[in-house]
Amino acid sequence: MTHPREDRLLADIESRRDEAVALAQALIRIPTVNPPGDNYRDICELLGDRLANRGFEVEYVRAEGSPGDDDRFPRWNVIARREGKTPGPCVHFNSHIDVVEPGEGWTVDPFGGLARDGRVYGRGACDMKGGLAASVIAVEALLDAGVELPGAIEVSGTADEESGGYGGVAWLAERGWFSKPRVDHVIIPEPLNVDRVCIGHRGVWWGEIATEGRIAHGSMPFLGDSAIRHMGAVVEALEREAWPALDAHATAMPVEPPGARTPTLNINSIHGGQPDVEPGGGLPAPLVADACRLVFDRRLLIEEDLDEVKASMRALLDGLAQTRPGFRYRLRDLFEVRPTMTEPERPVVRQTAEAVRRVLGRPAKLICSPGTYDQKHIDRIGHLRDCIAYGPGILDLAHQPDEYVEIDDMVQSAKVMALSAYALLTGAA
Ligand SMILES: [Zn+2]
């Protein structure tokens, strides 16, 4: 069976290759580094002006009072919406506009947007200004396809994903921007490879365990009680009980890489005793530590219940309190996100997977992400299940020096996004 209209659309996107590169470059050249959250208004206006020219109604929304928002670093978001002539569903492309700081080790200008050997380089090229550019090209080509599209198309650029999304998608979701009836399907062009459709992510629980001791002179430790030794017992108990239990879980989540298909537990830090006099030098005062603090990062699968995970951590610590003389602890929550996974039968998953097959000539791989992204807010706050991440670029390159996006991947993913949106809007497959 042939699809002349779709074939024309794909050829048209192919011819916009240089435009996709130019847009990615323009986005990279605005250094939207977070923290602190620089230049958000500028990048929002670049997007807003461009889409306003194509008949979009553009709104700039500042997340006033969100973390980090002040007059110097206002948390601006842009949402552009274009209504079709007839009623129908709304397809929304959401990209975060912020990037992490460039760091060391670059051989090119991180904000130069250099295009060379089929790649565009720069901080955010892959995560995720390449994906944002691809989605804009996809939408513009759709509008030029000469078809009356029902429903509505939305494109948003949102703040602060790299710091949790509280001044971006979370803030907007709390105010109805990511819920029905306004929005039906959301595609987030995060860099997860052109042939993979990401349907969700694992959950997170960051917690802090503090042990207490009694201070004494280091020459007479028997007069005190070491919080560091108590923490040693915690680590030993984690080794004995917590880590072996992680492997016992089976999951329906197709997490990539496969090593993340079990829950994971990391100890991010341990601090105890007196501080070193100066970094890298000097000796800490010779005292028995009266306090020790451990921060852990526990990642959860969809089959796990966060409350049960917390209860078993508490049971482990209570066990120590009962058996180990002098053991006292505090357990504090620092951050938590529940796991989320969209059902593979949902139209946005099916149509995007079908578009991947059509454009690339191979089946799409459905995956889940080991870490979280803004889908959590769309699911938990917006109560919208129909959300995926799909976009160009390789996640491994994100946050690295010499980050880049392949131009071919941008063009191919734009084709996939256009076909998927077309199918979702018109009900045609
Ligand atoms: Zn990202």
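If the condition is being within 14 Å of the ligand (Cβ to nearest atom) and either more than 16 Å from V58 (Cα to Cα) or among the β-branched types (V, I, T) (or both), then the range 137-158 contributes only T158.
Exactly one residue out of E190, E212, E256 is surrounded by fewer than 17 Cβ atoms within 10 Å (Cβ to Cβ), touching a residue at least 60 places away in the same chain (Cβ under 8 Å) and touching a Cys at 6+ places or on another chain (Cβ under 9 Å), and it is E212.
Only one of the listed residues (A170, A133) is part of a helix (DSSP H, G or I), among the aliphatic types (A, V, I, L, M) and under 15 Å from Y373 (Cα atoms). That residue is A170.
The criterion of at least 1 residues that are closer than 26 Å to A141 by Cβ and within 16 Å of the ligand (Cβ to nearest atom) is met by the following strands (runs of 3 or more DSSP E) wholly inside the range 349-416: 387-389, 404-406.
Applying a threshold of 6 Å to beta carbon distances and a minimum spacing of six or more residues, or different chains, the list of pairs starting in the range 93-104 at a residue that is among the aromatic types (F, W, Y) and ending at one that is away from the ligand (no atom under 11 Å from the Cβ) reads F93/S135; F93/V155; F93/I187. Residues being surrounded by 15 or more Cβ atoms within 10 Å (Cβ to Cβ) and either more than 16 Å from the ligand (Cβ to nearest atom) or of a type in the set (D, E) (or both) are entirely absent from the range 128-135. Can you confirm whether A227 is among the aliphatic types (A, V, I, L, M) and either outside the structural domain of L317 (by TED's automatic domain parsing) or at pLDDT below 95 (or both)? Taking the combined requirement at face value, the residue does not satisfy it.
All conditions but one from (1) touching a strand residue (DSSP E or B) at 6+ places or on another chain (Cβ under 6 Å); (2) within 16 Å of the ligand (Cβ to nearest atom) apply to G164; the one that does not is (1).
Give the residue that is nearest to the ligand (Cβ to nearest atom), with candidates limited to residues of the range 180-218 that are outside any strand (DSSP E or B) and aliphatic (A, V, I, L, M).
L192
Being more than 23 Å from P257 (Cα to Cα), in the same structural domain as T352 (by TED's automatic domain parsing) and either of a type in the set (D, E) or at pLDDT below 95 (or both): is that true of D127 here? Spelling it out, it is not the case that D127 is more than 23 Å from P257 (Cα to Cα), in the same structural domain as T352 (by TED's automatic domain parsing) and either of a type in the set (D, E) or at pLDDT below 95 (or both). Quick one: is D408 over 30 Å from T264 (Cβ atoms), surrounded by fewer than 24 Cβ atoms within 10 Å (Cβ to Cβ) and touching a residue at least 60 places away in the same chain (Cβ under 8 Å)? In short, yes.
When R314 is tested against (1) among the charged types (D, E, K, R); (2) surrounded by fewer than 17 Cβ atoms within 10 Å (Cβ to Cβ); (3) over 23 Å from E212 (Cα atoms), just one condition goes unmet, and that condition is (3).
Counting only residues that are of a type outside the set (V, I, T) and within 22 Å of N34 (Cβ to Cβ), the range 51-67 holds 8 of them. Scanning the range 42-51 turns up no residue that is surrounded by 17 or more Cβ atoms within 10 Å (Cβ to Cβ) and in a loop (DSSP other than H, G, I, E, B).
The values are calculated or read from the model by the stated rules, or taken from the named source; none is laboratory data. Keep in mind that what you see is a predicted model, and the values were worked out from it rather than measured. Note: ideal-geometry Cβ built from the backbone for every residue, glycine included; neighbour counts use all protein chains shown.
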